[in-house]
Amino acid sequence: MFEPFIAPSGTLLGLLQRGRGDGTLHALTAPRAEALAALNTCVLSDPRHDWQVENRSLYYARLYLDLHGELDEIERHLFDADDVLDAEESRTGLALAVLGHLASYGRRDALELLRRYAATGTNWSWALDELALRDDDEGLRALAEPVLARFTTDPEGEAELAATVRDAFEPRPWRLWADDPREAVAARVRAAQEAGCFDRWQRQMRPSGPRPGWSVGAVFEWARQGIERGAVLHVPAARCLMAVAGPEDRPEIVEAARSGDDGARCTALRYLADGNDPDALDLIEGAATDGTTMVVEAAVDAFERMRSVAAVDRARGWVHRPDALGAAAGRVLACRGGAQDKDLVLGALREAVRGEGPDALTLWTLVDGAGRLGIACAAPVLRHIYRETASSHLRGRAARALAATDPSFPAGFAVECLWDCEETTREIAARHAETGDTRVVDQLRRLAADPAEEAEVQTAVRSRIGPDMPAM
C-alpha cells in the first residue's frame, strides 16, 4: 500500500486523518458540507500508515452520526469500477468497517449497503464479517447463494471454498449456512467445512523446519538457505541452537557471530545475546560496525532484547553513536535505564524528532521512556509529537507520557482525547480529564452509555462518574 497523503495538523482534514479528538470537535463547529467532505475523504482514502492496527472506523462512524451524514459517497466508492480492478482490502476495508459500526447504531442504510456489497463486491468477505456481527439470521441466509456462486463447482473451486471457510474470521455465516434448509446450500458448506478440517490436520502432520538431532552447522546452513529463499530465519534458528548447542560448540558460534555468512552471523548474535554470553556485547558492537544491513539490524535487535546490567551500562556509552546502535542504546535506556539516564533519554528523544520527524519508529519506545522516567523537560517535545504524528498509536503513547510529565495535561490535551480514535487514548483521558469543562461531563456520559465503547474505557469513565459530578 502506498503512503497516504496527510494534510497539515492545523487543518480540519489533517485532524480527522490523524483521528484526533480535536478533529471531531472542529468538525461539529465547521460548516456541515465542509465537515462531511473532509470526513468522506478520510473514509474513502484510508489515511492510516498501518491500516491493520490503527483504529479509525468507530471514530468516523460516530462523526457520521453526529453530522447526520449521508452514505452516497461511500456507496459510490464501493460500487465503482475500481472495485473490480483493485482487489486490495485496504481500498474498501475502512469504508466497510465504518458501515458496520453505523449498522450497529441502527443505520438501516448502512446495513443494506453491506448486504449489497457482500453479494457483489470484490472485498465481500470483509463485508460478510461485518454482517456476521450485526445482521440477523434471515439477512445472512439471503447471502448464502450469491456467496457460494463465487466458487466454481469443479475441484479447484471447491478447494478454494474449503480454504475460505477454514480461514473465515467470523464463522457465524458458514455455521448458519451449514444448517440451511436448502439442501444444496447446506451440503456444499458442510463438505467445505470437513475439507478444511482435514486440510488443517494434514498441515499439522507435515511440519517444516528443523528436526531433532541437528548440529550447530546444520542450523547455520538452514538459516543461510532461508536467506536465499527470501525468508529471514535467524530468530527460529537461534531457538534451535538453544536445543542443539552445548558448551563445546561455543567457539564455533562465537566465530560465526564474528565473521560468518549473514544467516549464521545473525543466528549466532541472537543466540549469544539471549544467553547473556560475556562476549555478546563486543560482538554486537563489531557487527554494527562492519556488518551488512541485515546483520546490523539483527545485532541491534539482539542488543535491545538484553536485560543485563552490563547491557544498560554499555548503552550509556553507545547512546551518542550516530548510527543504528546508538539509536538502540537510547531505546534500551528508555526501557531499562534509571533516574540518572533522564538526560540521555531526553537527548535521544530530541535527536530522533530533529533527525527523523514525528513519525519515527524509534519514538515509540523513547516516548514511553520519557513517561516512565517522569522527564518533565520532555513535555514540549511530547506535545509536538502528539500534535504532528500521523500515527494514532504513537499519539496515544505521547498522551500517556504527558499524563505523567505535564501538569497542564488534564485541562489540555486530555479533554480532546475523550474523542480520540484509539480506545487506549480515550481511557487515559477518562482517567485524567478535568470535569470542570461541560464538554467533558457530556462526553463521559456518552461513552458510558455507548454499547460500542470498549469495556476498559467504560470502566475508567465509571471511576469518574459519581454523585459529585457536575450536572448537565
Separation of the H384 and E112 label points, Cα + 7 Å toward Cβ, nm: 5.2 nm
Give me the number: length gained by fully extending R462 to R350, i.e. 0.36 nm times residue separation minus the C-alpha to C-alpha distance, one decimal in nm. 36.6 nm
When the accessible area of the chain is split by element with a 1.4 Å probe, what percent falls to carbon and sulfur? 53 percent
Run the dipole for segment 1-90 about the Cα centre, Lys and Arg Cβ at +1, Asp and Glu Cβ at -1, nothing else charged, and hand back the magnitude in debye, nearest 20. 580 debye
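Using the crude model of +1 on Lys and Arg Cβ and -1 on Asp and Glu Cβ, and no other charge, please compute the dipole size for the chain relative to its Cα centre, in debye to 20.
Result for the chain is approximately 1200 debye, rounded to the nearest 20.
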Take the Cα coordinates of the chain, assign each an equal point scatterer, and use the Debye formula without solvent to give log10 I(q)/I(0) at q = 0.06, 0.10 Å⁻¹. -0.38, -0.98
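Using the Cβ atoms and a cut-off under 12 Å, what net charge is assigned to the surroundings of T122, where Lys and Arg are +1 and Asp and Glu are -1? Please list the in-between numbers first.
Values: positive: R91, R150; negative: D80, D82, D83, D86, E88, E89.
Net local charge, T122 excluded: -4.
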Just to confirm my numbers, what's the Cα centroid distance between segment 65-111 and segment 251-319 in Å? 48 Å
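Counting other Cβ atoms within 10 Å of each Cβ, which GluC sites (Glu not before Pro) in segment 47-155 have at most 16 and sit in a DSSP loop? Before the final figure, lay out each step's value.
Values: sites: E54, E70, E73, E75, E88, E89, E112, E130, E138; in loops: E54, E70, E88.
Those that pass, being in a loop and sparsely packed, are E70, E88.
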Charge dipole (segment 230-296, unit charges on Cβ, about Cα centre) - positive-most of V296, G230, L281: G230
With every protein chain kept in the model, how would you rank S125, S57, S463 by accessible area, 1.4 Å probe, largest at the top? S463, S125, S57
When the Kirkwood radius is taken over all Cα pairs of segment 270-327, what Stokes-Einstein diffusion coefficient follows at 25 °C and 0.890 mPa s, in µm²/s? 221 µm²/s
Expected unfolding gain across A37-D261 under the 0.36 nm per residue rule, minus the alpha-carbon gap, is 75.2 nm
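Using square roots of five times the C-alpha gyration tensor eigenvalues, list the equivalent-ellipsoid semi-axes of segment 403-459 in whole Å, biggest first.
Values: eigenvalues 67, 32, 13 Å².
Taking √(5λ) for each eigenvalue gives 18, 13, 8 Å, largest first.
The values are calculated or read from the model by the stated rules, or taken from the named source; none is laboratory data. Not measured: the values here are computed from a predicted model. Note: ideal-geometry Cβ built from the backbone for every residue, glycine included; neighbour counts use all protein chains shown. These accessible areas exclude ligands, DNA and RNA; they are computed on the full protein's heavy atoms, side chains included. Shrake-Rupley method; radii C 1.70, N 1.55, O 1.52, S 1.80 Å.
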